[in-house]
Amino acid sequence: MVERLLDATGHPVSPISFGAFKIGRNEGIKYPAGYALPTDAETERLLNGVLDLGINLIDTAPAYGTSEERIGRCIAHRRKEFLLSTKVGETFESGRSSYDFSRDAIARSIERSLDRLRTDVLDLVFIHSDGSDLQILEHTDAVPTLLDLRRRGLIRGIGLSGKTIAGARAALAWADALMLEHHPADRTFELILAEAGAGGISLLVKKPLASGNISPEVALPFILENPHVSSVVLGSLNLDHLRQALDIARRVRP
């Protein structure tokens, strides 16, 4: 498998990363079909299976329900084998999301994530945008707080999980990484991918299958042929689906 460099951490990263949304949350979803949350035993088998496949980046968030706690319980003992990506700004409780980008809220969020994930450091932390990217970046404490937490060594790399071109472009000035949606049905950020890649900023692609509306056989080669993409974040409760995605990724040369 051809690994790509994740510049934010200096580590090679597998072309497919594991998106841990579905192990912790099944409310307020955008997938075409609903699903039951896996049991604790199923979650443990899945997460260990993900690592055994060679996937070495796991992406989660406080807004993903119990995802962080389950990752910590199930694979903290294998922490040296994988990179951890989480987010700040959004929480999900009682069936709805709320957002807080204040200094205190972000500091508390990082403290909780470190505790839940049972780790001393987070490899990547993204601002979890609600869509108002520029407002968050320019008129809240989110960016200076993350810069301070990175300086203190609690975070290795920081970035934006954004939704607008203006926000993604503004983040190029300070981000180590960006997480953006990109697939054959949505090429909105194509120019930003090139700008970020040229600047040595890592790129993670979210929602690569358009929430289940595009097949991996079509989407993954399209995304991974782009030399600026570091990894594709793919969420699945089925190890066979992840194995198939890796097989596709192995055949792609950027």
task = Please work out which residue is nearest to Gly199 (Cα to Cα), limiting yourself to region 20-36 and to residues that are surrounded by 14 or more Cβ atoms within 10 Å (Cβ to Cβ), out of contact with any Pro (no Cβ under 9 Å at 6 or more places or on another chain) and not aliphatic (A, V, I, L, M).
result = Phe21
request  = From Thr60, Thr43, Thr39, grab the single residue that is among the hydroxyl-bearing types (Ser, Thr, Tyr), crowded, with 21+ Cβ neighbours inside 10 Å and more than 15 Å from the chain's Cα centre (by Cα).
outcome  = Thr43
Region 221-242: number of residues that are more than 21 Å from Ser67 (Cα to Cα), assigned to a helix (DSSP H, G or I) and open to solvent by 10 Å² or more (accessible area, probe 1.4 Å) = 2
ask   = Restricting region 96-128 to residues that are touching a strand residue (DSSP E or B) at 6+ places or on another chain (Cβ under 6 Å) and closer than 17 Å to Ala175 by Cβ, which is most open to solvent (accessible area, probe 1.4 Å)?
value = His128
ask   = Taking interchain pairs and intrachain pairs at least six residues apart, which have beta carbon atoms under 7 angstrom, with the first residue in region 226-237 and more than 18 Å from Leu46 (Cα to Cα) and the second open to solvent by 20 Å² or more (accessible area, probe 1.4 Å) and in a loop (DSSP other than H, G, I, E, B)?
value = Asn226/Pro254; Pro227/Pro254
key: Scan of region 187-214 for residues that are open to solvent by 40 Å² or more (accessible area, probe 1.4 Å), of a type outside the set (Ser, Thr, Tyr) and without any contact (Cβ under 8 Å) to a residue 60 or more places away in the chain, ordered by number   = Arg187, Glu190, Leu191, Ala194, Glu195, Ala198, Gly199, Lys207
key: Which numbered condition Arg70 misses (of (1) closer than 26 Å to Leu147 by Cα; (2) within 17 Å of the chain's Cα centre (by Cα); (3) of a type in the set (Lys, Arg))   = (1)
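The values are calculated or read from the model by the stated rules, or taken from the named source; none is laboratory data. Owing to the predicted nature of the structure, the values given are computational and were not obtained by experimental measurement. All Cβ positions, glycine included, derive from the backbone under ideal geometry; neighbour counts span all protein chains shown. Remember, those area values only see protein heavy atoms, side chains included, never the ligands or the DNA or RNA. Shrake-Rupley method; radii C 1.70, N 1.55, O 1.52, S 1.80 Å.
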